[in-house]
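The values are calculated or read from the model by the stated rules, or taken from the named source; none is laboratory data. Bear in mind that the values here come from a model prediction, so they are computed numbers and not experimental data. With ideal geometry, Cβ positions are generated from the backbone for all residues, glycine too; neighbour counts draw on all protein chains shown.
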Amino acid sequence: MMTYPTIRPRMPKRLIAVLVFVFLQALGNGMFAVLTQIDISERASHHQDVLPQLPFAVVVSYVFAGALLFGGIAVALGHNWGRWLVSSFEALTVLVALIALFSGNLAMLVGLVLVGLAMSALFSEKASDWFADKALERQGTVPAPSPR
């Protein structure tokens, strides 16, 4: 009986870039939440008023950070549901960026472009092929070599 070497599917470079972007977003959201929580505590200890929206923003930031981190790990492992989780939170990011953009924050254009690039890379043909190959690999089926 002949054995063939297993061909491990290679993650597309654009998908690697998306993962870097997603992990940086998770880090940024986490840092924002921690720093805002510290600010709230300091204001409360000095008997200063705290905007009622700030605690909600902290919770939302922690949720975003956790979901992006969890989705990014799932994508890195080749789970297709991970890209849907990441893309759903990126869609929410687009919504927030559009609100900020229409409020006069033109810097949100950069964020919108980055999210657009990330979404196109997540659902590119190469990425879809890679996710399919990873699913076959998890099932124990050796994926056929694809020209990349």
(message) I'm checking my understanding of the structure. Among residues of region 51-77 that are more than 14 Å from the chain's Cα centre (by Cα) and surrounded by 15 or more Cβ atoms within 10 Å (Cβ to Cβ), which one is modelled with the lowest pLDDT?
(response) 57
(request) From 78, 66, 71, grab the single residue that is over 23 Å from residue 116 (Cβ atoms) and assigned to a helix (DSSP H, G or I). (result) 66
(request) Search region 118-130 for residues that are farther than 16 Å from residue 24 by Cα and pair each with any residue that is modelled with pLDDT under 95 and among the hydroxyl-bearing types (Ser, Thr, Tyr) when their beta-carbon atoms are under 6 Å apart and the residues are at least 6 apart or on different chains. (result) 129/146
(message) What's the total number of residues in region 13-40 that are surrounded by 13 or more Cβ atoms within 10 Å (Cβ to Cβ), over 8 Å from the mean Cα position of the chain (by Cα) and under 20 Å from residue 125 (Cβ atoms)?
(response) 4
(request) Go through region 111-143 and count every residue that is within 15 Å of the chain's Cα centre (by Cα) and among the aromatic types (Phe, Trp, Tyr). (result) 1
(request) May I ask you to list the residues in region 1-50 that are within 27 Å of residue 138 (Cβ to Cβ), hydrophobic (A, V, I, L, M, F, W, C) and modelled with pLDDT under 90? (result) 1, 2, 7
(request) Kindly list, by first and then second residue, each pair from a residue in region 50-71 that is in contact (Cβ under 8 Å) with a residue 40 or more places away in the chain and more than 14 Å from residue 90 (Cβ to Cβ) to a residue that is basic (Lys, Arg) and loosely packed, with under 15 Cβ neighbours inside 10 Å, limited to pairs with Cβ atoms under 7 Å and residues at least 6 apart or on different chains. (result) none
(request) Give the number of residues within region 22-77 that are β-branched (Val, Ile, Thr), out of contact with any helix residue (DSSP H, G or I) (no Cβ under 8 Å at 6 or more places or on another chain) and over 21 Å from residue 96 (Cβ atoms). (result) 1
(request) Only residues that are of a type in the set (Asp, Glu) and not in a helix (DSSP H, G or I): list them for region 35-62, please. (result) 49
